[in-house]
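Here's the structure we're looking at; comments come further down.
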Ligand SMILES: Cc1ncc(COP(=O)(O)O)c(C=O)c1O
């Protein structure tokens, strides 16, 4: 019954407790082929720049992003934080959407460790900001104010692809006021697949990007920060300070290389399963799902007041894991959920409302 119990994606793993997991695309498990790439990886001590597989991954992503250089990090949070610490010092400020991960979901690291003030702007319902908002938020040269140094953007935002002309306009606005621009591109390849734009095109307006390998791309660990030589040189120092200098980490970089070669184009499957899920759930009168908002691999389900926990329990009893966000539960598709899982999810949700 459980998706994890069969299929080459899970061979070789003790997996009797696996379920269909819709909480995030971070829950993917490395496939047999990815594990083979790990086993075959050439390694060295990456703190000495000696790991050839890490070097290949960094060079490949820098080139794909059209940036001068790149650096491998254990997590997207650390990669974003290293960038923040490069652009901003104590008493400086970064501007970001209030829904963006870098502001809301990274434990305030910039303030805790860097003395950097966040300036959150209300994010609109497609995950965007306006030129007017950004322009008005840059502080004057006044001793009362923090010094505005950086605009942080995100793409995708809650599964929504950001319009490239908007990213361009926001970046120009910030740069004209002397700010740098960092993009949290944790799921930038979902945007690339959806829009048909290359990574280089998506990165062209910004100064740096953090890309996650451990989300829809299916690697167990890893993010890569891409930017100028100066940024990467300093980010390496920051990574050391943050405890992210890793040793024979080519075994993990090999997963990233495998993912870039094999798991990018298949992201369209995740976009299709998300749409199938949204359309199926939307047929159930008691729930609401905005099908038109499904652009990549995320679906937001409002199960109706008072139903969140009960629906979660019912689905868990049937081998389906979901989160418990209120009012809308975020459902995320990825390589370990297929059409069979989607149809089972819809069927079990219908069953829940039929019996309530
Ligand atoms: C948009 C976004 N940025 C950054 C991150 C941080 O990645 P990590 O969990 O590797 O620290 C996440 C993680 O979910 C994310 O969704």
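Using Cβ counts within 10 Å as a stand-in for footprinting exposure, how do 287, 54 rank, fewest first?
287, 54
How big is region 219-302 on each of its three principal axes, counting only the C-alpha atoms and giving the largest first in Å?
Largest first, region 219-302 extends 54, 25, 22 Å along its Cα principal axes.
In whole Å, how far is the Cα centre of region 24-69 from that of region 98-159?
A separation of 30 Å, based on Cα centres.
Please determine, in degrees from 0 to 90 and to the nearest 10, the orientation of helix 339-355 with respect to the longest principal axis defined by the Cα atoms of the chain, where the helix direction is its Cα long axis.
Value to nearest ten degrees: 60.
Between the helical axis of 229-241 and the dominant principal axis of the chain, each derived from Cα atoms, what acute angle in degrees is found, rounded to the nearest 10?
70 degrees
For region 157-263, max minus min Cα coordinate along each principal axis, in Å, sorted largest first?
The Cα atoms of region 157-263 stretch 42, 32, 22 Å along their principal axes.
Based on the mean of other beta carbon atoms within 10 Å per residue, what is the order of 110-121, 38-49, most packed first?
110-121, 38-49
For region 99-222, just run the numbers: alpha carbon Rg, then divide by 2.2 N^0.38 Å, N being how many residues it has. Provide the component values of the computation, followed by the final result.
On the way: Rg = 14.7 Å, N = 124, 2.2 N^0.38 = 13.7 Å.
Cα-based Rg divided by the globular estimate yields 1.07.
Considering all alpha-carbon pairs of the chain, what whole percent are spaced by more than 32 angstrom?
34 percent
If you consider only alpha-carbon coordinates, what radius of gyration and Dmax does region 23-98 have, in Å?
Looking at region 23-98, its Cα Rg and Dmax stand at 16.2, 48 Å.
Tilt of helix 52-65 relative to the longest C-alpha principal axis of the chain, in degrees (0 to 90, nearest 10)?
It works out to around 90 degrees.
Suppose a student asked you for the relative contact order of region 33-262, using Cα pairs under 8 Å spaced at least 6 residues apart; what percent would you report?
Working: 458 pairs, mean separation 73.6, N = 230.
So the answer I get is 32 percent.
Classify region 59-168 as rounded, prolate or oblate, taking a ≥ b ≥ c as the square roots of the eigenvalues of its Cα gyration tensor: rounded when a/c is under 1.5, otherwise prolate if a/b is larger than b/c and oblate if not.
Since a/c reaches 1.5 but b/c is at least a/b, the shape of region 59-168 is classed as oblate.
With only alpha-carbon pairs counted, each pair once and no self-pairs, how large is the Kirkwood hydrodynamic radius of region 265-356 in angstroms?
Evaluated over region 265-356, this radius sits at 13.0 Å.
We did not get these values from a lab; they are worked out from the coordinates using the rules stated. For clarity, every value in this text was computed on a predicted model and none was experimentally measured. In this analysis, Cβ positions are derived from the backbone assuming ideal geometry, glycine residues included, and neighbour counts consider all displayed protein chains.
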